[in-house]
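Inspection log for the structure reproduced underneath, given as structure tokens.
The values are calculated or read from the model by the stated rules, or taken from the named source; none is laboratory data. In this text the structure is predicted, and so the values were computed from the model without any measurement. For neighbour counting, all protein chains shown are included, and Cβ atoms are generated from backbone atoms with ideal geometry for every residue, glycine included.
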């Protein structure tokens, strides 16, 4: 999805498995630990203190203290993090939090709890596996037995190379001055697991499912996670003078002006959620002005800027002076004195609106009678007992849905016509796709397999084989008897394959389909789902009386749903 980076990213416990294969068994209970050193460690070669963050040993001065006197507990501001130790978004925040601890000292009370669950037999399990369970315990033990400065040095060091957690503990302990014997004594004893169970209960009581979840002074925080933004959220809670030095040096938040050009006739042009994300994550002083296309200013602006659709989000050029502009620059295009945010634009204000009983273009043809509406979903004719799906060939959700289609088609016994289409983008004379060039190439191969071996759905044997291991590059092993790998390759690498894919992309664009998988029942009813039962239910909803609808098919127990968005 083009604007995915504008959302606040998190590792979520509610997300479905990204693999179409059965879910792995829960990780075993923690019974082993990384091998501790034979003696208290000296500084490990090659592990340096974190740049820009001084080591905070117990005797180190607290820069957040008032005149060298620690801030009383009642006057401290609490920063609470709910995290997973191997979640990349959480580890970024942990590194920022370490810097805040360094700058604010005893004026900041940092608390961290961990998002885990109990599996079979009461064993602790985490989204990123047993290694994350171990990493969580290591971090809790560091916080339990050392001051927050030393603990955060250790945790931030782990976070710098989070993929190696927990195996990178020893060098990080040495770098932070953590006592390895004390740390391992906690980690390998029942006390370590007890700390994590207590932490789990606090996270569950707070309803924290996404990592990181941030709470500042008892208020949930959903803004930007950089140092300046977090300081701006923390510092107003200091009500007594003198405030910490880091707060007095904060620069003022620059205002950002955003003009939203939209059309009241467009039901799908709402931008409130996107504006909220921009304000929360990037520009707290965002000033929004809305202009409708129906006004003289709106039509003039649309023409002058050469826009091709609405809504259009137009920043004033002064946005380039903002400290966070670099983080959205890749989503911005220059348009005169404006900076256009590359957001999805599916509404053409100059075209016929296909469902308002008006002749919007003045050509005497209303709604579906206008040729520009014929490809729109609302104007497509009903074709009973037909099912189509739009996919990206390396999307894990599409893989699960397509594998489920084996059971669906068997259930309906030839009474349901099925076809597949593909989602990508035309780019520079070629194609691009969410999962890279390998996905484009596989889209082409599957289209060619459909063209030459689609009779009686023989091509599905190739596709089901590929979906069982969709990340593999060894596609030839999935070419079944009676098919020619060379023929598929010639088609996929030549003009023939490109024409097939371009035709599919045109259809997906006309229908406004960008999520994989998106299903289409009877040529006009869109729906989502990735289990056999969910797909069957939607087919039967639009085909009452179809034989096979009374049968119960396989249904996921994980609330399975989801899509990959281009």
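Odds and ends about this structure:
- Residues within segment 160-172 that are over 13 Å from residue 87 (Cα atoms) and assigned to a helix (DSSP H, G or I), tallied: 4
- Any hit, segment 436-445, residues being under 18 Å from residue 388 (Cβ atoms) and part of a loop (DSSP other than H, G, I, E, B): no
- Residues that are at negative phi and part of a loop (DSSP other than H, G, I, E, B), drawn from segment 105-129: 115, 116, 119, 123, 126, 127, 128
- Criterion applied to 218, 176 was being touching a residue at least 40 places away in the same chain (Cβ under 8 Å) and over 16 Å from residue 135 (Cβ atoms), and the one residue passing it is 218.
- Answer residue from segment 214-250, given it is part of a strand (DSSP E or B) and touching a helix residue (DSSP H, G or I) at 6+ places or on another chain (Cβ under 8 Å) and is nearest to residue 123 (Cα to Cα) among those: 214
- Scanning segment 275-287 for any residue that is in a strand (DSSP E or B), at pLDDT 95 or above and either touching a helix residue (DSSP H, G or I) at 6+ places or on another chain (Cβ under 7 Å) or buried (at least 16 other Cβ atoms within 10 Å of the Cβ) (or both) turns up at least one such residue.
- Criterion (touching a residue at least 24 places away in the same chain (Cβ under 8 Å), under 30 Å from residue 308 (Cα atoms) and either in contact with a helix residue (DSSP H, G or I) (Cβ under 8 Å, 6 or more places away or on another chain) or crowded, with 19+ Cβ neighbours inside 10 Å (or both)) met by exactly one of 183, 264, 258: 258
- Taken across segment 147-159, residues that are out of contact with any strand residue (DSSP E or B) (no Cβ under 7 Å at 6 or more places or on another chain), surrounded by 19 or more Cβ atoms within 10 Å (Cβ to Cβ) and more than 26 Å from residue 76 (Cα to Cα) do occur, with at least one present.
- Residues of segment 325-349 classified as in contact (Cβ under 8 Å) with a residue 40 or more places away in the chain and assigned to a loop (DSSP other than H, G, I, E, B), total: 6
- Residue 109 fulfils the conditions (1) without any contact (Cβ under 8 Å) to a residue 40 or more places away in the chain; (2) surrounded by 20 or more Cβ atoms within 10 Å (Cβ to Cβ); (3) touching a strand residue (DSSP E or B) at 6+ places or on another chain (Cβ under 6 Å) except for a single criterion, (2).
- Segment 194-216, residues that are surrounded by fewer than 18 Cβ atoms within 10 Å (Cβ to Cβ) and over 27 Å from the mean Cα position of the chain (by Cα): 194, 197, 198
- Residues within segment 330-360 that are closer than 18 Å to residue 317 by Cα and in contact with a strand residue (DSSP E or B) (Cβ under 8 Å, 6 or more places away or on another chain), tallied: 12
- Within segment 59-87, considering residues that are closer than 23 Å to residue 220 by Cβ and modelled with pLDDT under 95, the one surrounded by the fewest Cβ atoms within 10 Å (Cβ to Cβ): 74
- Any pair with Cβ under 6 angstrom, 6 or more apart, that starts in segment 350-375 at a residue that is in contact (Cβ under 8 Å) with a residue 24 or more places away in the chain and ends at one that is outside any loop (DSSP other than H, G, I, E, B) and exposed (fewer than 14 other Cβ atoms within 10 Å of the Cβ): 354/378
- Check on residue 157, over 22 Å from residue 127 (Cα atoms) and part of a helix (DSSP H, G or I): no
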